[in-house]
Each structure stands twice: as structure tokens, then as C-alpha cells.
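Asks: Sharing a structure here in C-alpha cells format.
The values are calculated or read from the model by the stated rules, or taken from the named source; none is laboratory data. Model, not experiment: these values are computed from the prediction. Every residue, glycine among them, receives a Cβ derived from its backbone with ideal geometry; neighbour counts consider all protein chains shown. The accessibility values were calculated without ligands, DNA or RNA, using every heavy atom of the protein model including side chains. Shrake-Rupley method; radii C 1.70, N 1.55, O 1.52, S 1.80 Å.
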Amino acid sequence: MRVFLTGATGFIGSALVPELLAAGHQVLGMARSDAGAQSLTAAGAQVHRGDLNDLESLRTGAAQADAVIHTAFIHDFSKFQEVCDIDRRAIETLGSALEGTNRPLIITSGTAMVKSASGKPATEDDQPSSALPRDASEKAADAMAARGINVSVMRLPQVHDTVKQGLVTYSVAIAREKGVSAYIGDGTNRWPASHVSDTTRLYRLALENAAPGARYHAVTEEGVPVRDIAEAIGRGLRIPVIALSPEEAPAHFGWLAMFAGLDLPASGALTQQRLNWHPTGPTLLTDLANMQYS
């Protein structure tokens, strides 16, 4: 298939390009800059210039493809509502371009959008909570599905390697700035995780086999205790590790405080079964231990 890939030069997208090409697909990657375009060309992809605010570029990119994978997102969490609204409009535009064709669209959300009422790991069958603005992405996908558009949702945990680790990357930066690595309370709240190589393989499997309207969890570790994450960062940076009260968290973490104390375990068992996905990558704590901190 010829796949239009948004976010093609980002952390996940740049790893997804070779995964798709190796499987025999063609990639039309969206690039905002000359440097991004050059990196896509070097990787063997075709280039489509545009960005998430240029809806016409999204529309024309999708119109040229057999399928669309939407991984782009503006990671400015200080403007969370605004960037979530941008993502919603992007999904609506991509879906409209595919309407009436049955060409697949895979959009990206997060496992943090769902939380099991029982405290058990959230599953693919759980609906997103409206407590966070990012639920707009899945609402847009549901609206597309109601119009007969072949859309599915990929929910991401903390996707990691030894360079980036989702929200943990921001935790590292804050710890470096503050001189301490912190967690909230007893630090037993959990974040799910998956290695980037496993995640990109799952996107490819979903492209080739996804059921319309399906939700998938790119989860290999259901929940890594945040205290363990903070301690790994502390070892890497050689700084103290401290516990904060919920009241102290905003001053230390800034915008990250909205996530830092959440218990967000999630399961990928149904996804592994439904798409025959067998993760093999290293754990989050292994990557943090092997990260270059200086």
C-alpha cells in the first residue's frame, strides 16, 4: 500500500518509515521543513510538505494514498486544549478525504485516556474519559466511523528507547533542572510502556489487519511504578530521589503534575491476541539504565 504518514519525522514516525518500507509498502511522509524532507528522502520515503495546521495539505496527502497513519501531535502540553483541538480537526480532515473509499485510517491516542473503574488495567474495550482534552481525538474517530469511514485507534503508553521515553523524557529534563528526581506520594502509581520497535511493528500490523472501529493498545508493560522510574532517573543523573506531596507537585513538575500522580495501568493482551503481536523489545527501566544522561 501507499501510506500517507503524518508525523513521519517524529520519534515514532521516523521509526515507522523503515518498518513500513521493509514490509513492501510505500511511504508518503509529511514534512514541515527542508531538513525533515531530506531525512525522509534519505530513508527511502516520498515527501509531502505540510503540517497539522495546514488542513489542505492533510487533505491532499490522504487523497494520494491507499491508507493513512496519523502519528503527528504537537507536544506543547502547556497548551493542551489547543493542541488537542488541532488534532481533532486534523483527524476530521483526514477522515473526510477517505470517506466512501474504505481506505484505512489509523489515528493515535493514549492509554492515559482510559482508566478502569475497578483499578484494574484499562483494556481496549474501555471508553476514553472526557477528563482530559485528548479524548477529542477518539471522539473524532468515532464520528468518522459513524459515517462509514474505515478508522481505527492506536492508544500509546510511554513509548521508549534509550533516547526518548514519552512523558518520562520530560521527567528527566525536570530532574536535571531541579537537581532532584521526584515522585508523588509513595510512588506506587503506574505508567504502562512499550519499546518503540514493538510499537512501530504494531502500527504496521494494524495497517494490514485492523478491523474498522477497533481500538488497540501498544502496551507491553502494564504498569511501571513511577517511583521505580524516578529512581532510575536519579541513578542516571546521580542526584537524590525524593517524594513530594500532591500539594508540592505543581511547583516541581509544572504542567507534568497533571500526569505525574496518576495511576494508569493498561493492558495490551487483547491487541496481542487480535493482531498476533508479540513484543520483544527491552523494558522501560532497561532503556533508562542504558541511557546517556550527560
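Asks: In segment 184-200, which residue that is among the charged types (D, E, K, R) and either open to solvent by 40 Å² or more (accessible area, probe 1.4 Å) or at pLDDT below 95 (or both) is farthest from the chain's Cα centre (by Cα)? Let's see the steps before the verdict.
Replies: Just the residues of segment 184-200 that are among the charged types (D, E, K, R), to begin with: 186, 190, 198.
When the remaining residues are screened for being either open to solvent by 40 Å² or more (accessible area, probe 1.4 Å) or at pLDDT below 95 (or both), the result is 186, 190.
On the way: D186: 27, R190: 17 Å.
Looking at the filtered set, the residue picked out is D186.
Asks: While we're looking at this one, here's another question. How many of the residues in segment 114-130 are in contact (Cβ under 8 Å) with a residue 12 or more places away in the chain, surrounded by fewer than 24 Cβ atoms within 10 Å (Cβ to Cβ) and out of contact with any strand residue (DSSP E or B) (no Cβ under 6 Å at 6 or more places or on another chain)?
Replies: 7
Asks: Which residues, counting only those in segment 164-191, are in contact with a His (Cβ under 8 Å, 6 or more places away or on another chain) and closer than 20 Å to T283 by Cα?
Replies: Correct list: G166, V168.
Asks: Quick check on segment 142-160: of everything there that is under 18 Å from the mean Cα position of the chain (by Cα) and aliphatic (A, V, I, L, M), which residue is most open to solvent (accessible area, probe 1.4 Å)? Spell out how you get there, then give the answer.
Replies: Taking segment 142-160 as the starting set, the residues that turn out to be under 18 Å from the mean Cα position of the chain (by Cα) are 151-160.
Next cut, aliphatic (A, V, I, L, M) only: 151, 153-154, 156, 159.
Numbers: V151: 4, V153: 6, M154: 0, L156: 28, V159: 7 Å².
My answer is L156.
Asks: Just a yes or no: is a residue in segment 114-126 in a helix (DSSP H, G or I) and of a type in the set (G, A, S)? I'd like the intermediate steps shown before the answer.
Replies: Residues of segment 114-126 that are in a helix (DSSP H, G or I), as a first pass: none.
Checked segment 114-126: no residue is in a helix (DSSP H, G or I) and of a type in the set (G, A, S).
Asks: In addition: Checking E138 against (1) among the acidic types (D, E); (2) crowded, with 21+ Cβ neighbours inside 10 Å; (3) not in a helix (DSSP H, G or I), only one condition comes out false. Which one?
Replies: Answer for E138: the failing condition is (3).
Asks: Out of (1) among the hydrophobic types (A, V, I, L, M, F, W, C); (2) open to solvent by 30 Å² or more (accessible area, probe 1.4 Å); (3) at pLDDT below 95, what's the single condition that is false for V163?
Replies: In the conditions (1) among the hydrophobic types (A, V, I, L, M, F, W, C); (2) open to solvent by 30 Å² or more (accessible area, probe 1.4 Å); (3) at pLDDT below 95, V163 misses (3) alone.
Asks: Let me ask you something else. Please work out if E208 is at pLDDT 95 or above, among the acidic types (D, E), closer than 22 Å to R2 by Cβ and open to solvent by 20 Å² or more (accessible area, probe 1.4 Å).
Replies: Values: at pLDDT 95 or above: yes; among the acidic types (D, E): yes; closer than 22 Å to R2 by Cβ: yes; open to solvent by 20 Å² or more (accessible area, probe 1.4 Å): yes.
Criteria met by E208.
Asks: Another question, then. Please work out if Y203 is touching a residue at least 60 places away in the same chain (Cβ under 8 Å), within 16 Å of the chain's Cα centre (by Cα), in a strand (DSSP E or B) and closer than 28 Å to L105 by Cβ.
Replies: It is false that Y203 is touching a residue at least 60 places away in the same chain (Cβ under 8 Å), within 16 Å of the chain's Cα centre (by Cα), in a strand (DSSP E or B) and closer than 28 Å to L105 by Cβ.
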